[in-house]
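**Q** Okay, handing you the structure first.
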Amino acid sequence: MIPGDKSKASANPTKAFFVRMITRDITLEDCIFDLIDNSIDGAWELAGGRPMSLADDTDLSAYKISIEIKPDRFSIHDNCGGISLDDAANYAFTFGRKDDAETENFSIGVYGIGMKRAVFKIGSKIGIKSTFTDNGGLMSFRVPVDVNAWLAAGDGNWDFDIEGADNLAAPGVQIDVTDLNEAAAQSFESPRFIQDLRRAIARDYALHLHRGLTIEVEGKSINGWAIELRQGGEFSPMRASFEENIEGEKVYVEVLAGMEAIPPEDSDPDGDWDEDQNRSGWYVVCNGRIVLAADKTTLTGWGTESWPIWHPQYTGFMGLIIFSSRRADLLPLTTTKRSVDATSQLYRRYRPNMREPSKAWIAYTNARRQRERDEVVGQEQEAKSVPIYEVAAQPAVVLPQVATKKRVPEANVLYSVPKPRLLKLATAMGNIRMPYKEVGLQSFEYAYADLVGED
Amino acid sequence: MASFDSINYSLRPSKSVQRGIVFHGLKALSDAMALQNSLYIGFGSIWFTDFVMAHKALEIDEMISIEANDVGFRRAEFNKVYRSISVVEGRSEDKLPELLNQGEYQARPWIVWLDYDGALDEEKVEEMRWLLLNAPPNSIVLFTFSATQNAYGKPAQRPGRVADILGPVVPDELSREDCNQENLPQTLASLTMDFLSSVVADNARPGGFIRSFKIPYFDSVGMVTVGGVLPALGTAPAARAVIADHKWQGIVDEMIQAPPMTLKEVATLQAELPCLEDLTRARVQELGFDLLEHQIRSFQRYYKYLPNFAEIVS
Ligand SMILES: Nc1ncnc2c1ncn2[C@@H]1O[C@H](COP(=O)(O)OP(=O)(O)OP(=O)(O)O)[C@@H](O)[C@H]1O
Ligand SMILES: C[S@@+](CC[C@H](N)C(=O)[O-])C[C@H]1O[C@@H](n2cnc3c(N)ncnc32)[C@H](O)[C@@H]1O
Ligand SMILES: [Mg+2]
């Protein structure tokens, strides 16, 4: 017999779980992105809340998100409409979205945890201020959170106080965090962190920045990545659209794939072309946000189901799969918005659509190795970069038909020299950043002309 | 050709100013952080100018000079100005780790000034990284290198080359203009400083890095000195207070271009100083000669640090 007082296993959450534990599973950068996502959700709703397809032309140029990062302070400020008092009182601050919560249309936010987890990760003195329109006038409030006092108050009362506040310049939200946690303070002192943050914003919010949204870090606004695929000659990217119906709700899917850059000549991992390789791979977009970028892992298929693992030889390939739905919970987002939920049925169902263009590219790069270099490069150079928004619909990626020809056998020359000497030679050849392979070839031609003369 | 064959470092006016600022600052830091027991490590060459100042201004006895050049090493041994200087033959990237392995040196703060020959490159950056992560608590590190534009490639390649050397701290939008002859020293100074801060922050070194010296200067070529403090946890506030003081001169915003001047010119201008207003070009002309505006500014700001001019005119 189970005694009466032991008939229930206690399962209440603790505050510490939210402050100290789930903050471990997300990077600082992704926490800042959670706050940006919230601002963007506000802006997207105000701008009409339509499906975030590539063809959609919603104008976001009225909206601005400013981030300040100091060694002792973090703040983010937007003019994206703010949180209403009702929303603040009823659900914006709850941990986990209530089932009956009204979701914004086509939002990035879905789980009801992002903002809280983000500020807890950053520091322990938090001020969240909102100005919103109420019956035509402006109204404001602020929610101060002293994390240590809140923790010390025990797990009985979870609520935060809402206080009156002055209006911000425009309806929007301002979040300030001081008393930074040590790791955050250290990152904020690193110029490398801030430059990489800028780069990641330029990439992951490229679709929003393209629509005119302003995101500023330390007063400097960020230019989004121009995402482009090459088209022309015998190359043509694929662009296909699909529609799904899940639980009575529509989910829109677009797949684009093709050549993003001319593949490298040289697949030596110590080579000097990693930069291009960084852009290659698959991108997964959920309601406009790039959640997985330049992926070369099993998540996007590489190395699964007879699909080879990524190899530098495949550099130059880019694919995008773009999901959007009024209900973000139907999309394969993870709570950190930094990956895809590989168990998602929807995502698994579209993997074959990603597999086809990847395989076509793999076959092409294998075949191109068997052909004359000049001919291949000439063909590839006919294809010009086109913004993804302008790529024409096409069910499958088109790549040159490769008929393997007989060619002169080749000898590979491989040697190492001290890098300072190579740089000196490259400089003398006119370009201190000349690829090593090019320096080698030019040296060979030079010696050949000198010692052998005419062929 | 080794650099000591071409110049006596003590005779370059801007370099002297730079050295003056550095030792003035080191003195303040050393007092605040109680660094009298520290070890001075540098490239003394055959002149040991910085070693003399370390001994006199900072009262450091034990000093180590590293010299890679074999003739230079023999000459350094011959010329070393104090008994307590040890000259070590070899390259710093080999010798610094060896010094760290000696228990007696590991336990004391280091004041290290790597006054390099030549431009910034991947090797120097690697050495900086090593030193930032391995120098004992309460160390101060300084690096000097040339910012002469041609060592960083042609104008179109320079921003990329700088990014190759310093990595992700370099903003993607670094422009050709940022890297032209006039701006390159300031650009390299700022970005190298960013690099130093990032290495320490990204690797969570306890105590952090305090940006202390950022000095672009120009004699016949652009040069850059950057450096900072690697305080022990407890000493960080005292060190930060020194740098935060408005009297701190280690962060220089305008390139130092002290003009080579004759003894007579120096004496004439010095008689006008100190004065609160800016010395004007009109006034210099009134005094009977002429200098460019920026030269006058450098002179007024830094005349106390100028070398003994008798040596220059001789
Ligand atoms: N800058 C903002 N502008 C407008 N509303 C905001 C802003 N920041 C937060 N909110 C409101 O607060 C709510 C809670 O945000 P939070 O990030 O915690 O969860 P979420 O966005 O709903 O879901 P997720 O955990 O997936 O991010 C949001 O749904 C939104 O209504
Ligand atoms: C610029 S001089 C030093 C000048 C001196 N600090 C002064 O202020 O008078 C540099 C000296 O260090 C030596 N040197 C440069 N790089 C070195 C390295 N990595 N290891 C050892 N010695 C080096 C050079 O041979 C040269 O003698
Ligand atoms: Mg959110």
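Readers should treat all values here as calculations from the given coordinates under stated rules, not as data from a laboratory. Bear in mind the structure is a predicted one, so any value in this text is a computation, not a measurement. Positions of Cβ are generated from backbone atoms using ideal geometry, with glycine treated the same way; all protein chains shown enter the neighbour counts.
**Q** Condition check: in contact with an Asp or Glu (Cβ under 6 Å, 6 or more places away or on another chain) and within 16 Å of ligand 3 (Cβ to nearest atom). Does residue A:172 satisfy that?
**A** yes
**Q** Tell me which residues, restricted to the stretch B:187-212, are in contact (Cβ under 8 Å) with a residue 60 or more places away in the chain and among the small types (Gly, Ala, Ser).
**A** Selection gives B:207, B:212.
**Q** What helices (runs of 4 or more DSSP H), lying completely within the stretch A:355-455, carry at least 1 residues that are without any contact (Cβ under 8 Å) to a residue 24 or more places away in the chain and within 14 Å of another protein chain (Cβ to nearest Cβ)?
**A** Numbers: elements: A:373-382, A:419-428, A:436-451.
Hits in the stretch A:355-455: A:419-428, A:436-451.
**Q** Could you list all residues from the stretch B:163-193 that are out of contact with any strand residue (DSSP E or B) (no Cβ under 8 Å at 6 or more places or on another chain) and of a type in the set (Ser, Thr, Tyr)? Give the steps one after another, and end with the answer.
**A** In the first step, residues of the stretch B:163-193 are kept if they are out of contact with any strand residue (DSSP E or B) (no Cβ under 8 Å at 6 or more places or on another chain); the result is B:163-180, B:182-183, B:187, B:191.
Once the filter is applied, which keeps residues that are out of contact with any strand residue (DSSP E or B) (no Cβ under 8 Å at 6 or more places or on another chain) and of a type in the set (Ser, Thr, Tyr), the stretch B:163-193 yields B:175, B:187.
**Q** Please find, among B:71, B:81, B:52, the residue that is of a type in the set (Val, Ile, Thr) and either within 16 Å of ligand 1 (Cβ to nearest atom) or in a loop (DSSP other than H, G, I, E, B) (or both).
**A** Every option except B:81 fails the conditions.
**Q** I would also like to ask the following. Within the stretch A:14-29, can you find the residues that are within 11 Å of ligand 1 (Cβ to nearest atom) and within 16 Å of the chain's Cα centre (by Cα)?
**A** Scanning the stretch A:14-29 gives a single hit, A:26.
**Q** Within the stretch A:205-227, can you find the residues that are facing another protein chain (nearest Cβ under 10 Å) and of a type in the set (S, T, N, Q)?
**A** A:223
**Q** Further question on the same structure: With respect to residue A:9, is the statement that it is surrounded by fewer than 16 Cβ atoms within 10 Å (Cβ to Cβ) and either within 14 Å of another protein chain (Cβ to nearest Cβ) or away from ligand 2 (no atom under 16 Å from the Cβ) (or both) true?
**A** Details: surrounded by fewer than 16 Cβ atoms within 10 Å (Cβ to Cβ): yes; either within 14 Å of another protein chain (Cβ to nearest Cβ) or away from ligand 2 (no atom under 16 Å from the Cβ) (or both): yes.
When the stated conditions are applied, residue A:9 passes them.
**Q** With the requirement that a residue be within 14 Å of another protein chain (Cβ to nearest Cβ) and either without any contact (Cβ under 8 Å) to a residue 40 or more places away in the chain or in contact with a strand residue (DSSP E or B) (Cβ under 6 Å, 6 or more places away or on another chain) (or both), what does the stretch B:103-127 give you?
**A** Within the stretch B:103-127, B:116, B:118, B:119, B:120, B:123, B:124, B:126, B:127 qualify.
**Q** Could you list, in sequence order, the residues of the stretch A:71-98 that are in a helix (DSSP H, G or I) and in contact (Cβ under 8 Å) with a residue 60 or more places away in the chain?
**A** A:85, A:88, A:89 - these are the residues of the stretch A:71-98 that are in a helix (DSSP H, G or I) and in contact (Cβ under 8 Å) with a residue 60 or more places away in the chain.
**Q** Being part of a loop (DSSP other than H, G, I, E, B), charged (D, E, K, R) and more than 14 Å from chain B (Cβ to nearest Cβ) is the filter here, so list the residues in the stretch A:157-204 that pass it.
**A** Let us first name the residues in the stretch A:157-204 that are part of a loop (DSSP other than H, G, I, E, B), namely A:157-162, A:165-171, A:181, A:189-190.
Subset that is charged (D, E, K, R): A:159, A:161, A:166, A:189.
Those that are part of a loop (DSSP other than H, G, I, E, B), charged (D, E, K, R) and more than 14 Å from chain B (Cβ to nearest Cβ): A:159, A:161, A:166.
**Q** Please indicate, with yes or no, whether at least one residue in the stretch A:81-98 is under 20 Å from residue A:214 (Cβ atoms), more than 14 Å from every other protein chain (Cβ to nearest Cβ) and either more than 15 Å from ligand 3 (Cβ to nearest atom) or touching a Gly at 6+ places or on another chain (Cβ under 9 Å) (or both).
**A** yes
**Q** Still on this structure, please answer the following. Quick one: what pairs do we get from the stretch A:108-120, first residue in contact (Cβ under 8 Å) with a residue 40 or more places away in the chain, second more than 8 Å from ligand 3 (Cβ to nearest atom) and among the acidic types (Asp, Glu), C-beta under 6 Å, 6+ apart or different chains?
**A** These pairs meet every condition: A:110/A:329.
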